[in-house]
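Data first, discussion second: the structure below is written as structure tokens.
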Amino acid sequence: MPKYLAEEDLNILVQAVARYPEGARLDELLPLGNLQRRTLQRRLALLQKQGFLATEGHGRATKYHLLQRLPAHREQYLVRPSERDSEDVTLDEDGISVSAEGQKIRAYVHLPLTQRKPVGHNRDFLDAYQANQTFYLPQAMRDEMAAMSNPFAQQILPAGTYARQIFNRLLIDLSWNSSRLEGNTYSLLETQRLIAFGQSAEGKDSLEAQMILNHKDAIEFLVESAEQVGLNRFTILNLHALLSNNLLPDPEASGRLRSIPVNIGGSVYIPLAVPQLVEECFNQILNTASAIEDPFEQAFFVMVHLPYLQPFEDVNKRVSRLSANIPLIRNNLSPLSFTGVPNRIYIAGMLGVYEMNQVELLRDVFVWAYKRSYENYIVVRQSLGQPDPFRLRYRQQMIEAIGQVVRQKLIGQDIPVFIKHWSKDNLPKEDQPRFVGVVEAELFALHEGNFARFRLQHSEFLDWFDLFKHSVRR
């Protein structure tokens, strides 16, 4: 069994090395904790790999020098019994396994800003990527995700079928987690109340509520328009417009590529500033992403390159997280909701991209988050059973008919009369009777927690529902 090492175990070793300004030899550290020589060597090698120690000399003359203290946040290190450094794996305190490459990235981006070298935008980072020849996700990794994540592998169904089936859960999960990664303090329950009932949490900034509601609108856009959206200019610009609505100092900046320089807090990376080059790289990112055949590689590619370019004045990471879901939703794969992803390791992964042009730490986060999302949604889907083929076939017609009933504020006998006339103009004769029954049942089951499925505004639903309730009680 592997042995878990808490931060305190390693910190004791770091403090011991610090007592030797000229460097500590292995024999001088052996009495510490009655450790076996091989165990001590593995721990020292791990600290060296993480960037906390440096070595001088060889063999028994090797000395260990302290470079930096352990970071303030707590982590756990998993030291395998193997002597090979390549098999050392770090576990985040939330259980995210971090590769050896990811460990090096994390060690660097945890250094103080003054110890990290300022860097500008590197166009070669994007130019070097060739669709379907370059891969950020190794084949084995893509195969593993593909094998676990397509519940409709034997069926040919419309794009977005899976996401629509779990839509209510996805809407809450992705809105909350993506907002949480931006520092939003709403709880999951408060997010549910806001989305379902429009009820803002007491004592919270109105900007936080706006951020969550913007996510709701953006997710509805991606799921309900799954057949039309893609990694193209129309989709990404409109996605930004939805996510940044009422959040930017300049309202005209929503859905528009930036024409001003931007900075990234907590980073030494300076994004591209020339508007013409921003647009040129933006188009190149979308062209490259659209040419990628593997949906997982597509998803991760946009998670890397959209924030690296910073094509918008703000809200770039939010756009990248929802954009990563586009190929997953279109291919009926499990959506990526970022459930359980800690902000600190996600930000460290992004800093690795910004300052080092290295994707391994962010990749570790992406793969872990995808597996977590899949495990959550496969359970949700199983609890729902198989989708009704009739409802799938006429999903769009149901949205249109129910939308008209609600917007025209129809109640009582006006509802079946309208639906019968509408179905005659839009459906084959043999399917009209069942369609009328299904739509009526949906209207009677409509409430504040599910009206968003039919692309209704909250105010539209409330105006109709108040009339509908009174008509039913008569």
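The values are calculated or read from the model by the stated rules, or taken from the named source; none is laboratory data. Since we're looking at a predicted model, the values are computed, not measured. For neighbour counting, all protein chains shown are included, and Cβ atoms are generated from backbone atoms with ideal geometry for every residue, glycine included.
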Original post:
Do we have Leu333 as in a helix (DSSP H, G or I), out of contact with any Asp or Glu (no Cβ under 7 Å at 6 or more places or on another chain) and of a type in the set (A, V, I, L, M) here?
Top reply: no
Subject >> Matching entry among Leu336, Leu361 (being closer than 30 Å to His110 by Cβ and touching a strand residue (DSSP E or B) at 6+ places or on another chain (Cβ under 7 Å)) >> reply: Leu361
**OP:** Mind listing just one residue for me: the one in region 441-466 that is charged (D, E, K, R) and under 30 Å from the mean Cα position of the chain (by Cα) and, of those, farthest from Lys216 (Cα to Cα)?
**Re:** Glu448
**OP:** Being under 27 Å from Phe300 (Cα atoms), modelled with pLDDT of 90 or more and out of contact with any Gly (no Cβ under 6 Å at 6 or more places or on another chain) narrows it down to one of Ile219, Ile166, so name that one.
**Re:** Ile219
**OP:** May I ask you to list pairs of residues, at least six apart or on different chains, whose Cβ atoms are under 9 Å apart, with the first in region 304-332 being at negative phi and modelled with pLDDT of 95 or more and the second being of a type in the set (Asp, Glu) and part of a loop (DSSP other than H, G, I, E, B)?
**Re:** Glu313/Asp250; Lys317/Glu182; Arg318/Glu182; Pro327/Asp294
Subject >> Subset of region 223-233 (residues that are at pLDDT below 95 and part of a helix (DSSP H, G or I)) >> reply: Val223, Glu224
Subject >> Entirely in region 359-451, the helices (runs of 4 or more DSSP H) that have 2 or more residues that are of a type in the set (Val, Ile, Thr) and surrounded by 14 or more Cβ atoms within 10 Å (Cβ to Cβ) >> reply: 360-384, 395-407, 414-426, 432-444
Original post:
Phe152 versus (1) over 20 Å from the mean Cα position of the chain (by Cα); (2) at pLDDT 90 or above: which is the lone unmet condition?
Top reply: (2)
Original post:
Arg80 passes all but one of (1) surrounded by 12 or more Cβ atoms within 10 Å (Cβ to Cβ); (2) modelled with pLDDT under 55; (3) closer than 22 Å to Tyr346 by Cβ; which number fails?
Top reply: (3)
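Answer with yes or no whether Ile236 is at pLDDT 95 or above and farther than 17 Å from Asn316 by Cα.
no
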**OP:** Return yes or no: is Thr339 surrounded by fewer than 23 Cβ atoms within 10 Å (Cβ to Cβ), closer than 27 Å to Ala146 by Cβ, in contact (Cβ under 8 Å) with a residue 40 or more places away in the chain and more than 16 Å from the chain's Cα centre (by Cα)?
**Re:** no
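Examine region 66-74 for a residue that is assigned by TED's automatic domain parsing to the domain that holds Glu28 and at pLDDT 75 or above, and state whether such a residue exists.
Yes; the residues of region 66-74 include at least one that is assigned by TED's automatic domain parsing to the domain that holds Glu28 and at pLDDT 75 or above.
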Original post:
Out of the residues in region 169-185 that are touching a His at 6+ places or on another chain (Cβ under 7 Å) and hydroxyl-bearing (Ser, Thr, Tyr), which is farthest from Ile378 (Cα to Cα)?
Top reply: Ser179
Original post:
In region 195-215, is there at least one residue being closer than 24 Å to Val367 by Cβ and either assigned by TED's automatic domain parsing to the domain that holds Leu243 or charged (D, E, K, R) (or both)?
Top reply: yes
**OP:** Identify all residues within region 452-464 that are farther than 21 Å from Ala163 by Cβ and buried (at least 19 other Cβ atoms within 10 Å of the Cβ); write none if there are none.
**Re:** Phe461, Trp464
**OP:** Quick one: Val268 ticks every box in (1) at pLDDT below 95; (2) touching a strand residue (DSSP E or B) at 6+ places or on another chain (Cβ under 8 Å) except a single one, so which number is it?
**Re:** (1)
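Considering each of Ser290, Ser254 in turn, give the residue that is more than 19 Å from Leu113 (Cβ to Cβ) and either crowded, with 17+ Cβ neighbours inside 10 Å or of a type outside the set (Gly, Ala, Ser) (or both).
Ser254
With the structure loaded, tell me whether Thr185 is of a type in the set (S, T, N, Q), in a loop (DSSP other than H, G, I, E, B), free of Cβ contacts under 8 Å to residues at least 12 places away in the same chain and surrounded by fewer than 18 Cβ atoms within 10 Å (Cβ to Cβ) or whether it fails that test.
No; evaluated as a whole, the condition is false for this residue.
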**OP:** List every residue pair whose Cβ atoms sit under 8 Å apart, with the two residues 6 or more apart in sequence or on different chains, where the first one lies in region 126-142 and is closer than 22 Å to Ser99 by Cβ and the second, anywhere, is loosely packed, with under 12 Cβ neighbours inside 10 Å.
**Re:** Thr134/Ala128
